[in-house]
Amino acid sequence: MSSTPPVETLQQQVQRIVEDVLTQTPQYYLVEMDVRGAPGSQVVDIYVDGDEDVGLDELAKLSRDISFALDVEDPFPNKYNLNVSTPGVDRPLRLIRQYQKNVGRTLQVHFEKEDASGNTEITGELLAVEGDNITVQEDENEVTIPVDRILWAKVRLPW
């Protein structure tokens, strides 16, 4: 008995294409992406980051490479708009690699309490990322938080 492979959704297909492009440049990685809108006016928002800062020239090259790959595989029956950007400080950190890049910066971290009695929030300097934990210095206290308990974390700029 043969089974039919599962059909990729448009979102999955685009994500696979983007990840294939990014394997050519391992210093960059996909943080988040979204395909929205109706056929004929769809928008693809792609947020990439890097182990070092990602400049405008690098974003432009990634945008061209991703656009070319999408045009070759042609997952969109009609036209679409492609936006390739870095997440920026207003978007929450999602991946361990993002935390590693932000060691030494001030983070606001909203997370589930260890005893499951609710949520709490701290703001402090990200001291370390070890395994699946981050350590934040809040005032005189060092707080270690498992990443899987973090609901959201954002970089807080000094101004």
| request: Answer yes if at least one residue in the range 69-90 is of a type in the set (Gly, Ala, Ser), closer than 23 Å to residue 157 by Cβ and surrounded by fewer than 18 Cβ atoms within 10 Å (Cβ to Cβ), and no otherwise. | output: yes
| Quick one: what pairs do we get from the range 65-90, first residue assigned by TED's automatic domain parsing to the domain that holds residue 47 and free of Cβ contacts under 8 Å to residues at least 24 places away in the same chain, second surrounded by 10 or more Cβ atoms within 10 Å (Cβ to Cβ) and not polar (S, T, N, Q), C-beta under 8 Å, 6+ apart or different chains? | 67/82
| task | Return only the number of the condition from (1) within 16 Å of the chain's Cα centre (by Cα); (2) more than 19 Å from residue 153 (Cα to Cα) that residue 9 does not satisfy. | result | (1)
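Within the range 101-159, which residues are in a loop (DSSP other than H, G, I, E, B) and closer than 26 Å to residue 54 by Cβ? So that I can check it myself, show each step before the final result.
Filtering the range 101-159 down to residues in a loop (DSSP other than H, G, I, E, B) leaves 102-105, 113-118, 131-132, 139-140, 157-159.
Result: 102, 103, 104, 105, 131, 132, 157, 158, 159.
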| Which of the residues spanning the range 1-36 are at pLDDT 90 or above and in a loop (DSSP other than H, G, I, E, B)? | 23, 24, 27
| request: State whether the residues of the range 66-81 include one that is in a helix (DSSP H, G or I) and within 18 Å of the chain's Cα centre (by Cα). | output: yes
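When you look at residue 93, is it under 28 Å from residue 10 (Cα atoms), of a type in the set (A, V, I, L, M, F, W, C), surrounded by 14 or more Cβ atoms within 10 Å (Cβ to Cβ) and modelled with pLDDT of 90 or more, yes or no? Don't jump to the end; show me each part of the working.
Values: under 28 Å from residue 10 (Cα atoms): yes; of a type in the set (A, V, I, L, M, F, W, C): yes; surrounded by 14 or more Cβ atoms within 10 Å (Cβ to Cβ): yes; modelled with pLDDT of 90 or more: yes.
In short, yes.
Give the residue, chosen from 32, 73, 19, 52, that is touching a Phe, Trp or Tyr at 6+ places or on another chain (Cβ under 6 Å) and acidic (Asp, Glu).
Values: 73 fails: touching a Phe, Trp or Tyr at 6+ places or on another chain (Cβ under 6 Å); 19 fails: touching a Phe, Trp or Tyr at 6+ places or on another chain (Cβ under 6 Å); 52 fails: touching a Phe, Trp or Tyr at 6+ places or on another chain (Cβ under 6 Å).
Only one candidate qualifies: 32.
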| request: Scan the range 37-66 for residues that are at pLDDT below 95 and polar (S, T, N, Q) and jot them down. | output: 41, 42
| If you take the residues of the range 111-122 that are touching a residue at least 24 places away in the same chain (Cβ under 8 Å) and surrounded by 15 or more Cβ atoms within 10 Å (Cβ to Cβ), which of them is nearest to the chain's Cα centre (by Cα)? | 111
| request: Can you confirm whether the range 114-124 contains a residue that is in contact with a Ser or Thr (Cβ under 8 Å, 6 or more places away or on another chain), at pLDDT 95 or above and not β-branched (Val, Ile, Thr)? | output: yes
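The values are calculated or read from the model by the stated rules, or taken from the named source; none is laboratory data. Note that this is a predicted model, so its numbers are computed, not measured. Methodologically, a virtual Cβ is constructed for each residue, glycine included, from the backbone with ideal geometry; neighbour enumeration extends over all protein chains shown.
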